1. Considering R318, R325, R262, which residue is basic (K, R) and more than 30 Å from L203 (Cβ to Cβ)?
2. Among (1) among the charged types (D, E, K, R); (2) farther than 13 Å from E66 by Cβ; (3) surrounded by fewer than 17 Cβ atoms within 10 Å (Cβ to Cβ), where does R53 come up short?
3. Only residues that are β-branched (V, I, T) and either in contact with a strand residue (DSSP E or B) (Cβ under 7 Å, 6 or more places away or on another chain) or surrounded by fewer than 16 Cβ atoms within 10 Å (Cβ to Cβ) (or both): list them for the stretch 263-292, please.
4. Could you go through the stretch 16-23 and let me know if any residue there is touching a helix residue (DSSP H, G or I) at 6+ places or on another chain (Cβ under 7 Å) and over 25 Å from A291 (Cα atoms).
5. If you go through the stretch 87-117, how many residues are without any contact (Cβ under 8 Å) to a residue 40 or more places away in the chain and under 15 Å from L300 (Cα atoms)?
6. Given the criteria surrounded by fewer than 22 Cβ atoms within 10 Å (Cβ to Cβ), touching a strand residue (DSSP E or B) at 6+ places or on another chain (Cβ under 7 Å), in a loop (DSSP other than H, G, I, E, B) and not polar (S, T, N, Q), does E143 qualify?
7. Of the residues that make up the stretch 155-165, is at least one under 13 Å from the mean Cα position of the chain (by Cα) and modelled with pLDDT of 95 or more?
8. I need a count of the residues in the stretch 240-278 that are over 19 Å from R187 (Cα atoms) and among the aliphatic types (A, V, I, L, M).
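The values are calculated or read from the model by the stated rules, or taken from the named source; none is laboratory data. Here the structure is a predicted model, which means the values were calculated and not measured. Note that we place each Cβ from the backbone using ideal geometry, even for glycine, and neighbour counts take in every protein chain shown.
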Amino acid sequence: MTPLRIGILGAARIAPAAVIRPAANNPEASVVTVAARDPEKAAVFARKQDVPRVAASYQALLDDPEVDAIYNPLPNGLHAEWTLKAIAAGKHVLCEKPFTANAVEAERVATAAEQSGLVVMEAFHYRYHPLFLRALEIVHSGELGKLRRVETALCFPLPRFSDIRYQLDLAGGATMDAGCYAIHMARTLGGEEPTVASASAKLHSDQIDRAMTAELRFPAGHVGRITASMWSSSLLRITARVWGDDGRLVIVNPLGPHLWHRLSTTVGGRTRVEHFPRRHTYDYQLEGFCAAVAEGVPTLTPPSDSIHNMLVIDAVYRAAGLRPRGQEA
C-alpha cells in the first residue's frame, strides 16, 4: 500500500515530534514536503528534518498533487483558514489543537469536512494512547460507582512572553493552549457536555490569560474543575482525577506517558496501579489518522467533538469576563 503522503504547513517546533518522527516509524505514512512563510526557514527545516521537498508557499503545498494530507500546526488563529483551504484542495487534515479560534469557526470547518468526505481530525494525541483508553474503560465500567467529580489540569511554565501563545490576534491565551487539553479531558472523562458555572483568569495582558480555573457542571449531576496555566505558581501539573461513589481514578501525566505515567484506581480502600507501553502518544495518533484515511476507521477526535470543545472554551472565557478568541469587543 502506498504510504499516506503528508505535507506540513509551517516549520513549527512541534512538527518533528508530532508527525515527522512518527511517520519515520510508520510504513503507512511519509512526510514529503513542508512550506513556511519564509522559504529559507522552510529550507533549513527540511534539511534538518530530512523532509525531501520544500513548497514555495502554503497554497503551493495544498495544490501539490503528490500530497494526500496536511498537518496544520500553524498559530491558533490560522487553523480554520488553512484547514478550510486544505479541504477545498481535497486534502485530509490533521489539525493541531485547539481546532479553531472559537466555536463559530469550528462549526464552519466541521460543515466543510462533512460535505467533503475527507478525514479532518484534531490532534489531541493523548486520546489515542492505551493509558487513556484504559482510564475511560474504568470510568465506563461503573467500577467507581456514580460519578461525582472530575478534575483535570495542565500547567507548564512559558515565561517567553513574546511567544505567539500570548498574542491575542493569533488566538492566544492559557485556556486556548493548555486549557483546551484540560477541557477535553474533563469532557471525555465526564462523559457528557458540561456547562461552565464560573471561571477566574489571571492575565498577562489585556484579554490574554496566563492562567485559568473554571468550574463545570454536567447534566447527570456530577461537577468538575479545570486548571490551566502558562505562567503561574503551578509550574508543572499534568493530571486528571475522577471521583465516584465507590472509588477514584488518578492519572499522572496523561499527555506524555512515554516519559512517565501513573494510572491508579482506588476502590474499597485498595489501590491498583497499571502500567502501559512507553510508546509515544504521537505514534498512536498518526496510526489513527492513517487508519481513518485508508480504511474509514472513525477517529476519536472528529470535528463534531471539536465543536463541543470550542463551545466550552468560549464559555470559559465569557464566564471569566473575557472575549472568546477571534471575536471583537
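1. Values: R318 fails: more than 30 Å from L203 (Cβ to Cβ); R325 fails: more than 30 Å from L203 (Cβ to Cβ).
Of the residues listed, the single one that is basic (K, R) and more than 30 Å from L203 (Cβ to Cβ) is R262.
2. Just one mismatch for R53, condition (2).
3. T265, T266, V267, T271, V273
4. Checked against the condition, which is being touching a helix residue (DSSP H, G or I) at 6+ places or on another chain (Cβ under 7 Å) and over 25 Å from A291 (Cα atoms), the stretch 16-23 yields no hits at all.
5. 2
6. So E143 fits the description; yes.
7. no
8. Of the residues in that region, 3 qualify.
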